[in-house]
Amino acid sequence: MIVNETLKIIKQRRSIRSYKDEQIKEEELQAVLEAGLYAPNAGDQAWHFTVIQNKELLGRLNLAAKEAAKQLDIEFLREIANNEKYNCLYGAPTLIIVSGNEQAPVPLEADCAAATQNLLLAAESIGLGSCWIFFVLLAFNSPQGSELRKELKIPEGYKPYDSAVFGYKKDAVVNVPERKPNLITYIK
Ligand SMILES: Cc1cc2nc3c(=O)[nH]c(=O)nc-3n(C[C@H](O)[C@H](O)[C@H](O)COP(=O)(O)O)c2cc1C
């Protein structure tokens, strides 16, 4: 089996849900962002990255997302939202939202997802913890949603498709779920 640094990082990355308070270093943030900018994209880089490192604003995003989740038909999301202790950002000091231009000639979902995966892999490669976070995007469906969009300076016509949190891992050991068998068909 071929083993190299890239393959090791891909297998090693896990969603981290417990973070130290300490902010990540600026050079670490820049390395992560640059990896995002180099992701494959069908929309000619019609994406936008929003970095949020303001603790008070992160707290408001968590609360707004939980309020929006309480109104959903999806029971497990309502249950999570009703748990007062649940912080959908897990106390991470940095959140990056990846938005796509809704006027782009191709749908931007895949572009933003590819960029987000690059952010996560870059983070792992420099020893940062990360977690892809859908939940916080619910904040934009809350009553404060349009105000939050303005405050975050998300460009007009752009939709927040993905987001992820970053920080220093609190716990060194995380559970690695077994890979399911029979997920690949070979036709030769
Ligand atoms: C599109 C997407 C959205 C996700 N949203 C959340 C989320 O809101 N909260 C969360 O804790 N994890 C979220 N995750 C992380 C998944 O739960 C996680 O990747 C999965 O359980 C596999 O674990 P691993 O990342 O450690 O391999 C999301 C992952 C993806 C790809």
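For first residues located in the range 159-188 and over 18 Å from residue 11 (Cα atoms), partners that are among the charged types (D, E, K, R) and surrounded by 10 or more Cβ atoms within 10 Å (Cβ to Cβ) and lie 6+ apart or on another chain with Cβ distances below 6 Å form the pairs 159/102; 161/109; 168/20; 170/20.
For the range 111-123, enumerate the residues that are in contact with a strand residue (DSSP E or B) (Cβ under 7 Å, 6 or more places away or on another chain) and over 12 Å from residue 95 (Cα atoms). Result: 111, 112, 113, 115, 123. Any residue in the range 106-114 that is closer than 19 Å to residue 61 by Cα, in contact with a Gly (Cβ under 8 Å, 6 or more places away or on another chain) and touching a residue at least 24 places away in the same chain (Cβ under 8 Å)? So far as the range 106-114 goes, no, none of its residues is closer than 19 Å to residue 61 by Cα, in contact with a Gly (Cβ under 8 Å, 6 or more places away or on another chain) and touching a residue at least 24 places away in the same chain (Cβ under 8 Å). A search for C-beta distances below 8 Å between a residue of the range 65-76 that is open to solvent by less than 90 Å² (accessible area, probe 1.4 Å) and any residue that is part of a loop (DSSP other than H, G, I, E, B), counting only pairs 6+ apart in sequence or on different chains, returns 65/88; 65/142; 66/86; 66/88; 67/142; 67/143; 68/142. Out of 21, 44, one residue alone is away from the ligand (no atom under 16 Å from the Cβ) and under 16 Å from residue 131 (Cα atoms). It is 21.
Residues that are in a loop (DSSP other than H, G, I, E, B), closer than 24 Å to residue 92 by Cα and in contact with an Asp or Glu (Cβ under 9 Å, 6 or more places away or on another chain) within the range 35-72 comprise just one, 39.
The values are calculated or read from the model by the stated rules, or taken from the named source; none is laboratory data. None of the values given here were measured: they were computed from a predicted structure. Positions of Cβ are backbone-derived with ideal geometry, glycine not excepted, and every protein chain shown enters the neighbour counts. Accessible surface is based on the protein model in full, side chains and every heavy atom, while ligands, DNA and RNA are left aside. Shrake-Rupley method; radii C 1.70, N 1.55, O 1.52, S 1.80 Å.
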